[in-house]
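Inspection log for the structure reproduced underneath, given as structure tokens.
The values are calculated or read from the model by the stated rules, or taken from the named source; none is laboratory data. From a predicted model like this one, the values you see are computed outputs, not experimental measurements. Reconstructed Cβ throughout: ideal geometry from the backbone, glycine too, with neighbour counts over all protein chains shown. Remember, those area values only see protein heavy atoms, side chains included, never the ligands or the DNA or RNA. Shrake-Rupley method; radii C 1.70, N 1.55, O 1.52, S 1.80 Å.
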Amino acid sequence: MNFLSAISVGLKEIWANKFRSMLTMLGIVLGVGSLVAQSALVKGLENGMKEALIAIGGLEKVYITPQAIPTWQQHRKDQAVGNTMNDIYALQRSAPLVHLVTPEMQTREVTVTRAGKAFNPWHFVGTWPAALELNQHVVEHGRMFNAVDDEEARSVCVIGTGTRDALFGSPEEIGREIIPVGEYVNINNQRFRIIGMFEHYESEMDRKAREQALERGPEPGQSGPTRKRGRTSGRGAFEWKNNTVYIPLKTMWLKFRAGAVGGGTGTGTTAGSSTTASVSASAGIDTAPDPRLSTVYFKVIDLDQMNNALQQVKNVLTHTHNGIEDFAFNTQENWSENITTAIRNARLSGGIIAAISLLVGGVGIMNIMLASITERVREIGIRKAIGATFLDVFVQILVESVVIAVIGGLAGLLASKGLVELLSLVSPTGNTPVMTVDAMLLAFGFSVCVGILAGIIPAFKAARLNPIQALRYE
Amino acid sequence: MALVELRNVSKIYHLGGEEIRALDDISLDIDGGEFISIIGPSGSGKSTLMHILGCLDSPSKGTIRLDDTMIEKASQRELARIRNQKIGFVFQFFNLLPKLSVLQNVELPMVYSGVSSRERRDRALEALKLVELENRAKHRPMQLSGGQQQRTAIARALVNSPKIVFADEPTGNLDSHTGEAILQLFYKLSQEGRTIALVTHDPEIAAVTPRRIEIRDGKIARNVDAKLAGAGSTPKFSVPTQN
Ligand SMILES: Nc1ncnc2c1ncn2[C@@H]1O[C@H](COP(=O)(O)OP(=O)(O)OP(=O)(O)O)[C@@H](O)[C@H]1O
Ligand SMILES: [Mg+2]
């Protein structure tokens with residue numbers, strides 16, 4: 001008997017017992033369905049995480065924050081200088097394994113006001129133009145401040161769309177997009193001109209949702225809240241970037257540090273960049289403005305050289321910090337490792353659940369095949385009596401089992417699509433599930449294997465039947 | 001040389017220490033073209049003999065040669081092939097597959113000998129014509145009368161042109177009229193030169209065949225060959241009226 005006719009016999013047998021076969025397939029359907037669906041969910045999760053990682057500047061981005069002086073160096077406490085512009089220049093000079101070395105000076109408790117509206121930006125920093133590339137910002141309207149703006153300490157700022165929404169109103173509220181370039185705002189009561197605005201950062205999923213909402217057309221009562229849900233979907237990295245206000249470093253120093261202490265002067269030791277001259281006007285040591293940077297950013301040129309680069313930076317900084325370890329490296333590696341672990345765990349637990357349902361499906365198939373050959377002892381006896389070999393019968397039963405599994409597997413692939421859609425409905429703020437061909441092939445392959453394994457024992461039992469005993473069986 | 005040679009064949013069953021000799025040292029030759037009936041009381045070992053002759057069962061002792069093949073030395077695979085190619089078997093209870101059509105049932109032996117589907121169809125229809133069932137090809141066995149089912153089974157037994165056809169009480173499950181028709185069919189097939197051995201416990205049926213073997217307690221009690229005895233081989237029933 002050839003293979004094709006074995007398949008057609010198998011199909012007929014399954015068709016003859018439609019209901020029973022369908023019930024038997026259910027386990028496989030669920031197994032394949034859940035395997036594909038869970039892998040789609042995990043893939044969506046992974047994509048979302050990767051997007052977020054890129055949004056915060058990628059794995060290459062490293063930042064240096066101040067750290068408490070270790071106890072064994074406490075006696076030299078007075079010599080600790082913190083992160084200063086000296087570090088920046090030293091790194092630019094002596095650390096060729098890194099680039100985009102960028103200082104950041106932050107001020108908390110800042111309020112931006114305009115026409116009665118007030119907003120506390122999540123991220124208000126004075127920095128260099130290089131911050132644009134470092135943090136993968138894109139200025140969509142206007143321009144980023146440049147070296148001249150910094151040198152002259154101009155009162156200019158570049159904002160994110162979140163800041164715009166808070167001060168000028170969001171496109172959803174107003175019905176059109178406001179581009180506030182050229183407008184003035186007050187930052188802690190100092191007048192600043194907006195010279196640029198970043199593009200709106202959002203995850204792939206949020207973008208799609210927003211575009212769909214746009215296509216559907218504005219529903220006055222509905223569009224607001226819908227958008228809101230999209231925005232507060234916990235995509236921290238994107239919102240963080242949207243709620244940013246950037247000003248030139250020197251402006252920050254003069255207007256919010258040095259200026260804030262009433263024209264006080266630095267001690268002259270390590271004052272920030274070109275600010276030394278203008279700041280060293282007068283005042284006593286006790287009221288000296290803080291010359292320290294909040295953060296020093298840089299990017300490692302080659303990710304594979306991460307350790308060497310960090311060592312190099314450490315050597316340079318040890319020198320500028322008088323050998324005191326009052327700084328710490330922060331990389332995104334931990335974050336990315338956590339994500340990888342989380343994804344692996346999700347994949348593993350989902351895989352185990354799917355494997356168990358496939359196993360149960362397999363046991364179901366085996367059970368039904370055993371019942372089926374018991375019912376068909378006579379048929380098998382007749383077939384053997386007229387010339388079927390061991391192999392003929394073995395293949396026939398095995399093919400039947402595999403055909404059940406294959407149909408179940410195909411149905412499972414369809415079911416997984418429905419399942420994924422259902423899950424997206426249940427948790428619309430999650431990441432868009434991505435069904436991959438790999439996962440589908442894997443799940444389908446598994447179901448075929450399950451069919452084969454489940455069929456072997458019944459097929460062997462059937463093929464070994466003695467024709468005489470089979471024919472005498474009533 | 002004979003088509004089938006049985007030498008000192010015994011079939012012994014052991015039931016709880018007790019020994020049952022279903023066949024006890026039987027030697028028997030069947031030549032090509034013979035028409036034989038095997039007769040004996042219930043439990044005498046007729047079916048056992050048939051099954052051993054038909055390579056469905058193996059003897060406990062003794063040797064069988066079928067068409068120059070030593071059966072006891074053949075592998076399972078070779079036995080399946082012999083059953084498929086050289087032997088046609090007709091059962092008392094027809095043993096058709098209920099889910100297949102009449103045509104598919106007749107095609108089945110050819111499925112296992114790898115005949116192409118077109119040739120399968122042609123030959124199956126030919127065999128059905130031989131038993132005058134070509135107009136019932138599409139029916140299911142359950143839609144046929146007992147006699148028609150048995151004729152289907154005969155067509156199936158003949159379809160691979162076997163060397164010999166074995167029939168175990170082919171009329172045992174039919175009324176006497178239908179049984180007679182089946183018997184006429186066998187007679188006709190025998191006249192066409194086929195080798196047929198059939199089992200019966202009805203002496204009237206046995207009287208039709210030229211050669212008659214009587215079995216009692218697993219032994220051959222009598223071996224009557226009409227040709228050798230010089231008796232007329234004319235059958236008692238009228239040939240060949242069809243129903
Ligand atoms: N599997 C078996 N185990 C034990 N004994 C068996 C078995 N098969 C057959 N026998 C015995 O062998 C003997 C011959 O049985 P067989 O079926 O050949 O008889 P038979 O002549 O065909 O009878 P009937 O006319 O009733 O069909 C019987 O006594 C039967 O009980
Ligand atoms: Mg019998």
>> Within 10 Å of each Cβ in B:105-117, how many Cβ atoms from other chains are there, averaged over the peptide?
In response: 3
> Taking a temperature of 10 °C and a viscosity of 1.306 mPa s, what whole-number D in µm²/s does Stokes-Einstein yield for the protein assembly as shown with Rh from Kirkwood over alpha carbon pairs?
Replying inline: 47
> Can you give me the Cα centroid spacing of the range A:88-133 and the range A:288-310 in angstrom?
Replying inline: 13
> So, counting K/R as plus one and D/E as minus one, what does the shell of residues with Cβ under 11 Å around B:V102 add up to?
Replying inline: +3
> B:E214's amide H: which non-local residues (gap 5+, or another chain) put their own amide H closer than 5 Å, with H modeled 1.01 Å from N in plane and none for Pro or chain starts?
Replying inline: B:I39, B:A221, B:R222, B:N223, B:V224
>> Using alpha carbons only, how many angstrom separate the centre of the range B:34-66 from the centre of the range A:318-372?
In response: 68
> At a probe radius of 1.4 Å, what is the per-residue accessible area of B:M142, in Å² to the nearest 10?
Replying inline: 140
> What longest region of chain B stays clear of chymotrypsin sites (Phe, Trp or Tyr not before Pro) that DSSP places outside H, G, I, E and B and that have at most 16 other Cβ atoms within 10 Å?
Replying inline: B:94-236
> With the contact rule set at Cα under 8 Å and sequence spacing of 6 or more, what percent relative contact order holds for the range B:88-215?
Replying inline: 31
> Size of chain B along its principal axes in angstrom, Cα-based, largest extent first?
Replying inline: 49, 42, 38
>> Can you pull out the trypsin sites (Lys or Arg not before Pro) in the range A:28-132 whose DSSP state is coil and whose Cβ has at most 16 other Cβ atoms within 10 Å?
In response: A:R108
> Give me the log10 of I(q) over I(0) for the range B:35-128 at q = 0.11, 0.15, 0.20 Å⁻¹, as the Debye formula computes it from C-alpha points; what are the numbers?
Replying inline: -0.42, -0.75, -1.11
> Cα axis of helix A:204-216 to longest principal axis of chain A: angle in degrees, 0 to 90, nearest 10?
Replying inline: 80
> Over its Cα atoms, what ratio of radius of gyration to 2.2 N^0.38 Å does the range B:11-85 give?
Replying inline: 1.18
> Karplus couplings for the range B:86-100 from phi (6.51 cos²θ - 1.76 cosθ + 1.60, θ = phi - 60°), rounded to Hz, Gly and Pro as x?
Replying inline: 9, 10, x, 10, 10, 9, 4, 9, 6, 6, 8, 7, x, 7, 9
> In degrees, nearest 10, range 0 to 90: what is the angle between the Cα axis of helix A:18-55 and the longest Cα principal axis of chain A?
Replying inline: 10
> Can you give the average number of partner chain beta-carbon atoms within 10 Å of each beta-carbon in peptide A:338-347, as a whole number?
Replying inline: 0
> On a 0 to 90 degree scale, rounded to 10, what angle separates helix B:146-158 from the longest Cα axis of chain B?
Replying inline: 80
> Considering amide H positions built from the backbone, and no H for Pro or chain starts, which residues 5 or more places from A:H123, or on another chain, come under 5 Å of its amide H?
Replying inline: A:V245
> Could you give me the ³J(HN,Hα) list for the range A:431-441, computed from phi with Karplus coefficients 6.51, -1.76, 1.60 and θ = phi - 60°, whole Hz, x at Gly and Pro?
Replying inline: 7, 4, x, 10, 7, 9, 4, 3, 4, 5, 5
> Are there trypsin sites (Lys or Arg not before Pro) in the range B:113-159 that DSSP marks as loop and that have at most 10 other Cβ atoms within 10 Å, and which are they?
Replying inline: B:K138
>> With only alpha-carbon atoms in the gyration tensor, what are the semi-axes of the equivalent ellipsoid for the range A:365-434, in Å, largest first?
In response: 43, 11, 7
